[in-house]
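Working notes, structure below.
Derivation of every value follows stated rules applied to the coordinates shown; laboratory data play no part. Quick caveat: nothing in here was measured; it's all calculated off a predicted structure. Cβ sites come from the backbone with ideal geometry, for glycine too, and all protein chains shown count toward neighbours.
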Amino acid sequence: MRHLTIICLWCSLTLQAQQATQTENVFLITLDGLRWQELFSGADSSLIIDEDYVGDPEALQQLFWRDTEEQRRETLMPFFWHEIGVQGQLLGNRTLGSKVNCTNQQWFSYPGYNEILSGFADDQRINSNDKMPNPNKTVLEFLHNQEKFKGKVAAFGSWDVFPFIVNEERSGIPVNAGFEQNPSPPTPKEAFLDELQQQIPSPWSTVRFDAFTHHYAMEYLKKNTPRLLYIAYGETDDFAHEGHYDAYLKSAHQTDAFIKELWEFAQSHLQYRDKTTLIITTDHGRGTIPKETWRSHGAKIEGADEIWIAILGPDTEPLGEVNQDTQFYQNQVAATLSALLGVEYKGDKIGKTIDLAIEGGR
Ligand SMILES: [Zn+2]
């Protein structure tokens, strides 16, 4: 059994996960295929000036190029660095020895999302991005099957495979993904989103723009106050595959702002304020060398198993960027999420809970 520690002014208590967390709600967020390199170092010096990948290098440099690595990453993802990097924890800066890896051997989306959500890799059965109902129960489904979370779990995704990854049919968890509209009587904002979603063509056949996913999720959050909300942003991966480094950076920057909006809403709301943990991660990394491999990922791309995890909330010690030799895995997200909600999620194959009270999380 791993423990979560709560530090208060008068005491330092170690209590079992089932009893003692302040977290009552979790927002799980993924940014598809966002590299740790950009999260921890900001814009890449060679890619930002490369005319093969950037329409207007000068304009892009004005937006995201700064003198130091610290300035570049804060410019690219200010919420991550001004809030999570101060009040929470950021795992996966390999230049400091902090490593996070996939345990699946495939390094593309469905295997990564299965590993995040189920807590284990399943290379035998999850080996394509096909729309196959996930045979594995996710931690979302595990919690949704418990009385106190029934009807309090929801998922929103830009990619139209999420209803299958979460197994919407078996789990009963509402999943709004791809180009789905709002099924229930819409709020005025939802009705407008439905209209816009039909009018603004997406460049991709299976992925919508993240702004739709985000605003549908925000409306749902305000209306239904779920205790466990999963939002899967997708643009970063698609822009990268297309070789649009400018759009990839702008999307990362915008998603950072979306997450800030989500957090500020939570902190303004009685149910969520100081009782909500954000867990943010990615399904896979991307290549680095040779430079064109940044567009791609998969088992043949070196480094595409290198990922990162960010956590912010009342049970997470404010250690900022982890700067020592540590090794974590994608399969630890599910158990950590569940432990934060006070429910043990474990099994032979499921990764262990990350201890958020200890320096380096060991
Ligand atoms: Zn991809």
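From the list Gln124, Gln106, the lone residue that is more than 16 Å from the ligand (Cβ to nearest atom), polar (S, T, N, Q) and either farther than 20 Å from Ala310 by Cα or not in a helix (DSSP H, G or I) (or both) is Gln124. Of the residues making up segment 254-276, those that are within 23 Å of Leu39 (Cα to Cα), surrounded by 19 or more Cβ atoms within 10 Å (Cβ to Cβ) and not β-branched (Val, Ile, Thr) are Asp256, Phe258, Leu262, Trp263.
The set of residues from segment 306-361 being among the polar types (S, T, N, Q), touching a Phe, Trp or Tyr at 6+ places or on another chain (Cβ under 9 Å) and assigned to a loop (DSSP other than H, G, I, E, B) comprises just one member, Thr353. Among residues of segment 200-259 being among the aliphatic types (A, V, I, L, M), within 16 Å of the ligand (Cβ to nearest atom) and in a helix (DSSP H, G or I), the one that is farthest from the chain's Cα centre (by Cα) is Ala247. Is there a residue being closer than 20 Å to Thr336 by Cβ, of a type in the set (Ser, Thr, Tyr) and surrounded by fewer than 24 Cβ atoms within 10 Å (Cβ to Cβ) anywhere in segment 86-97? Within segment 86-97, not a single residue is closer than 20 Å to Thr336 by Cβ, of a type in the set (Ser, Thr, Tyr) and surrounded by fewer than 24 Cβ atoms within 10 Å (Cβ to Cβ). For segment 303-353, the set of residues classified as buried (at least 21 other Cβ atoms within 10 Å of the Cβ) and of a type in the set (S, T, N, Q) consists of Thr316, Gln330, Asn331, Gln332, Thr336, Ser338, Thr353, listed by residue number. For His284, indicate whether it is in contact with a Lys or Arg (Cβ under 6 Å, 6 or more places away or on another chain), under 14 Å from Asp237 (Cβ atoms) and in a loop (DSSP other than H, G, I, E, B). Here the answer is no, as His284 does not meet what is asked. Contact map, segment 167-178: residues that are closer than 11 Å to Ala155 by Cα paired with residues that are in a loop (DSSP other than H, G, I, E, B) and among the acidic types (Asp, Glu), Cβ distance under 6 Å, separation 6+ or inter-chain. Pairs shown: Ala177/Asp160.
Applying the selection to segment 83-104, what residues are in contact (Cβ under 8 Å) with a residue 60 or more places away in the chain and β-branched (Val, Ile, Thr)? Let's see the steps before the verdict.
We begin by selecting, within segment 83-104, every residue in contact (Cβ under 8 Å) with a residue 60 or more places away in the chain; these are 83-94, 96-104.
Hits for segment 83-104 are Ile84, Val86, Val100, Thr103.
Just for segment 154-176: of the residues that are of a type in the set (A, V, I, L, M, F, W, C), in contact with a Gly (Cβ under 9 Å, 6 or more places away or on another chain) and not in a loop (DSSP other than H, G, I, E, B), which one is nearest to Thr236 (Cα to Cα)? It would help to see each step written out before you state the result.
Step one: filter segment 154-176 for residues of a type in the set (A, V, I, L, M, F, W, C), giving 154-156, 159, 161-162, 164-166, 173, 175.
Checking which are in contact with a Gly (Cβ under 9 Å, 6 or more places away or on another chain) leaves us with 159, 161-162, 165-166, 175.
Applying the additional criterion that residues be not in a loop (DSSP other than H, G, I, E, B) yields 159, 162, 165, 175.
Working: Trp159: 12, Phe162: 16, Ile165: 19, Val175: 21 Å.
Among those residues, the one meeting the criterion is Trp159.
Restricting attention to segment 29-59, the residues that are more than 16 Å from the ligand (Cβ to nearest atom), of a type in the set (A, V, I, L, M, F, W, C) and in a loop (DSSP other than H, G, I, E, B) add up to 5.
Annotation note: of Lys148, Lys137, the sole residue that is surrounded by fewer than 23 Cβ atoms within 10 Å (Cβ to Cβ) and assigned to a loop (DSSP other than H, G, I, E, B) is Lys137.
Return the only residue of Asp274, Asp210, Asp194 being more than 21 Å from Asp44 (Cβ to Cβ), acidic (Asp, Glu) and without any contact (Cβ under 8 Å) to a residue 40 or more places away in the chain.
Details: Asp274 fails: without any contact (Cβ under 8 Å) to a residue 40 or more places away in the chain; Asp210 fails: without any contact (Cβ under 8 Å) to a residue 40 or more places away in the chain.
Exactly one residue qualifies, and that residue is Asp194.
Per this entry, Thr293 is counted among residues that are within 15 Å of the ligand (Cβ to nearest atom), out of contact with any helix residue (DSSP H, G or I) (no Cβ under 8 Å at 6 or more places or on another chain) and in a helix (DSSP H, G or I). In segment 324-344, the residues that are more than 13 Å from Ala310 (Cα to Cα) and touching a residue at least 60 places away in the same chain (Cβ under 8 Å) reach residues that are outside any loop (DSSP other than H, G, I, E, B) and acidic (Asp, Glu) with C-beta atoms within less than 8 angstrom, at least six apart or across chains, in these pairs: Gln324/Glu359; Asn331/Glu115.
In segment 67-82, which residue that is assigned to a loop (DSSP other than H, G, I, E, B) and without any contact (Cβ under 8 Å) to a residue 40 or more places away in the chain is nearest to the ligand (Cβ to nearest atom)?
Thr68
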